[in-house]
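Below is one structure; the comments refer to it alone.
The values are calculated or read from the model by the stated rules, or taken from the named source; none is laboratory data. Owing to the predicted nature of the structure, the values given are computational and were not obtained by experimental measurement. Here the Cβ is made from the backbone with ideal geometry for all residues, glycine too, and neighbour counts use every protein chain on show.
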């Protein structure tokens, strides 16, 4: 990160005027300057981070659009599979219904034959 402006001479003079010895004032001033230099973000730092975050947001949005399209395709495929299964189930029930009617007709016919024999 770039350093922020800190007037060390002015700070050292202010500390000396407040009663600190020159060596103490310099040590305090150097400590404050180092803190500013190492941990203060400049407008350029923030702009760089903003650009990086904006680029990542654009990338994530593109990925979301891609995933959304894939999900739509997957959902359409699942719906088609469900419709095909529904058709097969209906066809099997219709076939079973016909078989049950034939069995029932056979039972009625057998009962009628037995009644005639009696």
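Quick notes on this one:
- Restricting attention to the stretch 15-34, the residues that are within 14 Å of residue 5 (Cα to Cα) and part of a loop (DSSP other than H, G, I, E, B) total 0.
- Residue check for residue 103: assigned to a helix (DSSP H, G or I) and either modelled with pLDDT of 95 or more or surrounded by 10 or more Cβ atoms within 10 Å (Cβ to Cβ) (or both): yes
- Residues satisfying the stated conditions in the stretch 35-91, i.e. outside any loop (DSSP other than H, G, I, E, B) and under 30 Å from residue 8 (Cα atoms): 35, 36, 37, 38, 39, 43, 44, 45, 46, 47, 48, 49
- Taken together, 20, 6 contain a single residue that is in contact (Cβ under 8 Å) with a residue 24 or more places away in the chain and surrounded by 13 or more Cβ atoms within 10 Å (Cβ to Cβ), which is 6.
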